[in-house]
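Bear in mind these aren't lab numbers, they're just calculated from the coordinates by the rules spelled out. This is a predicted model, so every value here is computed, not measured. All Cβ positions, glycine included, derive from the backbone under ideal geometry; neighbour counts span all protein chains shown.
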Amino acid sequence: MRNDVSVSCGPRKCGSNLVGARIPRGKVITTARGSLSGELEGHASSRLPPQPCSWGQSSDLLSRIDLDELMKKDEPPLDFPDTLEGFEYAFNEKGQLRHIKTGEPFVFNYREDLHRWNQKRYEALGEIITKYVYELLEKDCNLKKISIPVDATESEPKSFIFMSEDALTNPQKLMVLIHGSGVVRAGQWARRLIINEDLDSGTQIPFIKRAMDEGYGVIVLNPNENYIEVEKPKIHVQSSSDSSDEPAEKRERKDKVSKETKKRRDFYEKYRNPQREKEMMQLYIRENGSPEEHAIYVWDHFIAQSAAENVFFVAHSYGGLAFVELMIQREADVKSKVTAVALTDSVHNVWHQEAGKTIREWMRENCCNWVSSSEPLDTSVESMLPDCPRVSAACSTEM
């Protein structure tokens, strides 16, 4: 099993934590009395002399600030294409993402100094690529998309996995693939590698095709598809003054303070997040609300029901942790069906996950963890944990 595993190498991603509107940093001075003075350099308001004002006087400051002038340099609308063609990109015959006009690789910094906008653009492209990979799993790999939970009602949230036609009926061999954490979905190892390298480096497709060529049934898990997002309903909060018996003058005073507070909050929120996105809420998928739950669910409803005498797992990063949790929850069943497990940079921890002695002993005999290392391929790498052997992947397995 060890020599059957290939590990994709790719460049490390350089990122930044810059978020929010592209507004030059202001100098804010707070006095002991809670007063505020500010200079927003590069804007019309920078001509205003800095002067302290209490929160109650902030309306005077706000009235002298031209919000439209201040927002001129804000990021463009977060409105992106929903197709690869719309982005003017396509995968070439080598599986590399290239601009359809220039032939150049993907450019992250499409707009200079707009990191947040560029990141949102990257994420929008990533969602399109996720759907593209799903299509490849069905069309190129001939896998079936199976909805879960298997007994889901029409209205409840659902996820899905992919299986070959013979996944449950193949009497000999079954291959199960589990990706890591993050934005990746079924069929992917790393979105970054798909975009910056090629499909073979970043997807599970080479594993799937080789397994099927060698007579394996295949099941592709989707452990990060744990919920659906829907827009949070707006709740109208009735003002306490509406039904109050307070004198009219006092109510008017409270309403004025409330309006001023909202005005200040909206003013600063406009700078913190000038394109405030919709408030969303998460509806979790029954019995699949986490990668660990998902692995157990797919085991119980599919893998355990398969005819295969020998089941093999390939799990990357957090997928390794999910497998160990599956072992803890279904130890006897896993031992009876699973022949070998290939891990790549698995983040499992037998101590933290409280894996028993019998599980650790089984892992030493049946699992191997290929890890990032500059040592030659399959060279033993020291481990602090008493579980499966760790060996060199001869490159970075960062996905």
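Mind giving me the nanometre distance, one decimal, between the label points for Lys131 and Glu165, set 7 Å out from Cα along Cα→Cβ?
About 2.8 nm, to one decimal.
Anything over 25 Å Cα to Cα? Flag those among Lys139/Lys278; Lys120/Lys232; Lys232/Lys254; Lys337/Lys357; Lys94/Lys173, in the order listed.
Lys139/Lys278; Lys232/Lys254; Lys94/Lys173
With each label point set 7 Å from Cα along the Cα-Cβ vector, what nm distance links Glu229 and Glu88?
Simple spin-label model gives 2.7 nm for this pair.
Label points 7 Å out from Cα along the Cβ direction at Thr261 and Val107: separation in nm?
The answer from the label model is 4.8 nm.
If you count, for each residue, the other Cβ atoms within 10 Å and average over each peptide, how do 136-147, 172-183, 156-167 line up from highest to lowest?
Taking the mean over residues of other Cβ atoms within 10 Å, the ranking is 172-183, 156-167, 136-147.
Could you bin all the Cα-Cα distances of region 279-399 into 5 Å bins starting at 0 and give me the percent of pairs in each, rounded to whole numbers?
Taking all Cα pairs of region 279-399, the binned fractions are 2, 11, 20, 23, 18, 12, 8, 4, 2, 1 percent.
Can you tell me, using C-alpha contacts under 8 Å and at least 6 residues apart, the relative contact order of region 320-385 as a whole percent?
38 percent
If packing is taken as the average number of other Cβ atoms within 10 Å across a peptide's residues, how do 321-327, 293-299, 149-155 rank, most packed first?
Going by the mean number of other Cβ atoms within 10 Å, highest first, we get 321-327, 293-299, 149-155.
For region 133-175, what is Rg from Cα atoms divided by 2.2 N^0.38 Å, rounded to two decimals?
Normalised Rg, Cα atoms only: 1.35.
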